[in-house]
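Asks: Pasting a structure below so you can have a look.
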Amino acid sequence: MTGTPASYDSVARYDTLIHRRQTRSVRVGDIWIGSDHPVAVQSMINEDTLDIEGATAGIRRLHEVGCEIVRLTVPSLAHANAVKEIRQRLEDTYQPVPLVADVHHNGMKIALEVAQHVDKVRINPGLFVFDKPDPNRTEFSPEEVSAIGERIAETFEPLVQLLKQEDKALRIGVNHGSLAERMLFSYGDTPLGMVESAMEFIRICDRLDFHNIVVSMKASRAPVMMAAYRMMADRMDAEGFPYPLHLGVTEAGDGDYGRIKSTAGIAPLLAEGLGDTIRVSLTEAPEKEIPVCYSILQSLGLRKTMVEYVACPSCGRTLFNLEEVLHQVRNATAHLTGLDIAVMGCIVNGPGEMADADYGYVGKTPGTISLYRGRDEIRRVPEAEGVAALIALIKEDGRWVDP
């Protein structure tokens, strides 16, 4: 049988470039979220917001390691008032940092207060107008559904109007594990239920002519999360709502598995062009999330914030201790930004596999290293001088900065 399957006919399937879904731009402090801007990195402090000193320090630690937007939890009016003091302390002792307030159960009064002190408010549609589930309920009548919808719109409108007046942003953040009871009855515990939950709030905003919206569809399982985001993007585009997406796998855990699980959910969507800001949710110190975010973005070519190291896995042809030398090269150059450096064990694969690198360190013969600039061999040096000679070459090109 000859011919190409229809699903493979599209040239786009083989395109090496990421074509981002076109979205509007939404400003969060001095950071813009949307397809015309780099994918933004964010995280969330784990200090109690009432601990003003601790929360301020936590926000600063995150910002200093590259977190561009910081979220804090605001479960009460006292917490909302504390945010005002936190913001002032940041401005007085450090610098302004884009802040997001997380508001949950029946939090309208809290949201109206804290909206004056942050750059974005995040609400969870399943909890914002919250009714305790009734274990005896078997269905929702159309009249009940309509009445709940009207109550949500009436409750939600003052926050939308305030955010519109203040020119601030809203995140409609759906969580798979906290869908409203009527959504579960109507759509089940499904990505469709997540989408419908978000769309209800988006349509209210649209009726009020408010469009500074970012949407998230988080789940603790990557396949559910990916399905929800794809469906959400399709639904918004079909209805003319080009809002940015905030990507994340919620409750990913810790260690290698938490990092792999987050990457498994976030990276495929980014590669498809979906996603304008990301958070990796680890059960670790929040600062440890930021390198993972940047690694995901750099591996896909979406941001260049560190050195990209290309290194072969080593084999019987390798002419030096590849793992040791890679560590030496990394230790000497990791502070640089925007370079691709290849460390290759032998000449067989070296020049070809590292063709896109800015610089190459290749085993030429036993005891001898070849240094490359792009595809061109520049010089050969004794192995003991290899790392120093690589640094000297980078300096010659004016691309070196001191640590």
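Asks: Give me the pairs: first residue in the range 37-64 and free of Cβ contacts under 8 Å to residues at least 60 places away in the same chain, second residue of a type in the set (Ser, Thr, Tyr) and crowded, with 24+ Cβ neighbours inside 10 Å, beta-carbon distance under 8 Å, and six or more apart or on different chains, which are they?
Replies: Going by the 8 Å Cβ cut-off, the qualifying pairs are Ala55/Thr49.
Asks: Condition check: surrounded by 12 or more Cβ atoms within 10 Å (Cβ to Cβ) and under 25 Å from His63 (Cβ atoms). Does Gln161 satisfy that? If you could, list the steps in order and put the result at the bottom.
Replies: Details: surrounded by 12 or more Cβ atoms within 10 Å (Cβ to Cβ): yes; under 25 Å from His63 (Cβ atoms): no.
Answer is no for this residue.
Asks: Hey, another quick one. Pairs under 6 Å by beta carbon, first residue in the same structural domain as Leu339 (by TED's automatic domain parsing) and touching a residue at least 12 places away in the same chain (Cβ under 8 Å) in the range 369-380, partner exposed (fewer than 14 other Cβ atoms within 10 Å of the Cβ) and in a strand (DSSP E or B), six or more apart or different chains?
Replies: Correct list of pairs: Leu371/Arg379.
Asks: For the range 31-57, enumerate the residues that are over 17 Å from the mean Cα position of the chain (by Cα), of a type outside the set (S, T, N, Q) and assigned to a loop (DSSP other than H, G, I, E, B).
Replies: Of the range 31-57, the ones over 17 Å from the mean Cα position of the chain (by Cα) are 46-57.
Narrowing further to those that are of a type outside the set (S, T, N, Q): 47-48, 50-55, 57.
Of everything in the range 31-57, those that are over 17 Å from the mean Cα position of the chain (by Cα), of a type outside the set (S, T, N, Q) and assigned to a loop (DSSP other than H, G, I, E, B) turn out to be Glu47, Asp48, Leu50, Asp51.
Asks: Continuing with this model, one more query. Return the pairs, sorted by first residue and then second, in which the second residue is assigned to a helix (DSSP H, G or I) and at pLDDT 95 or above, the first residue lies in the range 258-274 and is closer than 19 Å to Met232 by Cα and charged (D, E, K, R), the beta carbons are less than 8 Å apart, and the residues are 6+ apart or on different chains.
Replies: Glu272/Arg230
Asks: Here's another thing I want to ask about it. Write out, first by first residue and then by second, each pair whose Cβ atoms fall under 7 Å of each other, whose residues are 6+ apart or on separate chains, and whose first residue, in the range 390-402, is within 14 Å of Val329 (Cα to Cα) while the second is small (Gly, Ala, Ser).
Replies: What qualifies is Ile391/Ala332.
Asks: Looking at the range 1-27, which of its residues are under 19 Å from Leu270 (Cβ atoms) and at pLDDT 85 or above? Even if it seems obvious, please write down each step before you answer.
Replies: Looking only at the range 1-27, we keep the residues that are under 19 Å from Leu270 (Cβ atoms), and these are 12-26.
Leu17, Ile18, His19, Arg20, Arg21, Gln22, Thr23, Arg24, Ser25, Val26, listed by residue number.
Asks: If a residue must be touching a helix residue (DSSP H, G or I) at 6+ places or on another chain (Cβ under 9 Å) and more than 24 Å from Gly258 (Cβ to Cβ), how many such residues does the range 204-220 contain? If you could, list the steps in order and put the result at the bottom.
Replies: Filtering the range 204-220 for residues touching a helix residue (DSSP H, G or I) at 6+ places or on another chain (Cβ under 9 Å) gives 204-205, 207-213, 215-220.
Subsequent filtering for residues that are more than 24 Å from Gly258 (Cβ to Cβ) retains 204-205, 207-213.
Counting residues in the range 204-220 that are touching a helix residue (DSSP H, G or I) at 6+ places or on another chain (Cβ under 9 Å) and more than 24 Å from Gly258 (Cβ to Cβ) gives 9.
Asks: Of all residues being within 16 Å of Leu112 (Cβ to Cβ) and assigned to a helix (DSSP H, G or I) in the range 163-200, which is nearest to the chain's Cα centre (by Cα)? Just the residue, please.
Replies: Leu163
Asks: Run down Ala169, Ala147, Ala115 and say which single residue is without any contact (Cβ under 8 Å) to a residue 12 or more places away in the chain and not β-branched (Val, Ile, Thr). Show your work before the answer.
Replies: Numbers: Ala169 fails: without any contact (Cβ under 8 Å) to a residue 12 or more places away in the chain; Ala115 fails: without any contact (Cβ under 8 Å) to a residue 12 or more places away in the chain.
Of Ala169, Ala147, Ala115, the one residue that is without any contact (Cβ under 8 Å) to a residue 12 or more places away in the chain and not β-branched (Val, Ile, Thr) is Ala147.
Asks: For the range 368-390, how many residues meet the condition of being among the acidic types (Asp, Glu), touching a helix residue (DSSP H, G or I) at 6+ places or on another chain (Cβ under 9 Å) and under 16 Å from Ala342 (Cβ atoms)?
Replies: 1
The values are calculated or read from the model by the stated rules, or taken from the named source; none is laboratory data. From a predicted model like this one, the values you see are computed outputs, not experimental measurements. Here Cβ is always computed from backbone atoms with ideal geometry, including for glycine, and neighbour counts include all displayed protein chains.
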